[in-house]
1. Would you mind ranking T68, T7, T39, T2 by Cβ crowding within 10 Å, fewest neighbours first?
2. Relative contact order of the chain: what whole-number percent is it, with Cα pairs under 8 angstrom and at least 6 residues apart?
3. Sum -39500 (n - 2.57) across every DSSP H segment of at least 4 residues in the chain, then divide by the residue count to get the 222 nm mean residue ellipticity, nearest 500.
4. What stretch of the chain, leaving out the sites themselves, is the longest with no GluC sites (Glu not before Pro) in a DSSP loop having at most 11 other Cβ atoms within 10 Å?
5. Based on the Cβ-Cβ distance of H22 and D64, what FRET efficiency does E = 1/(1 + (r/R0)^6) give at R0 = 30 Å, to the nearest 0.05?
6. Counting Lys and Arg as +1 and Asp and Glu as -1, each charge on the Cβ, what is the dipole of the chain about the Cα centre in debye, to the nearest 20?
7. Can you match Rg/Rh (Cα atoms, Kirkwood Rh) to one of these, [x] 0.98; [y] 0.96; [z] 1.16, based on a calculation from the structure here?
Amino acid sequence: MTYVVDTSVFVRWWVDQVGWQHAQRIRDQFVAGDLDLITPEFTRIEHAEVLRKKGLLEGVLTEDEYLTAVQALDVLGGVIDVEVLEGI
């Protein structure tokens, strides 16, 4: 199964907001290899900015947690698939 997700899903992996439980289930299924995720390319930039505002500046995340969260999308690899999105 493949989900198209936006920044709000990734942010909820790190910051408890309404819907965080569902976002973390998606994360767990993705990490287990049971689910594929695709998202627009600009998500990396948007993810970093939203986490800065909602996590770092509000004191929810430490600087190290923030950096780990921002780098997570790069580490996960294969999440961003522009060609698939262009065909939708």
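1. So the ranking, lowest neighbour count to highest, is T2, T68, T7, T39.
2. Taking the mean separation of contacting Cα pairs over the length of the chain, I get 33 percent.
3. Taken over the chain, the calculation gives -14500 deg cm²/dmol.
4. Result for the longest clean stretch: 1-40.
5. The value I calculate is 0.70.
6. 280
7. Correct label, based on the coordinates given: [y].
Throughout, read-outs are computed from the coordinates displayed, never taken from laboratory work. Bear in mind that the values here come from a model prediction, so they are computed numbers and not experimental data. Note that each Cβ is placed from the backbone with ideal geometry, even for glycine, and that neighbours are counted across all protein chains shown.
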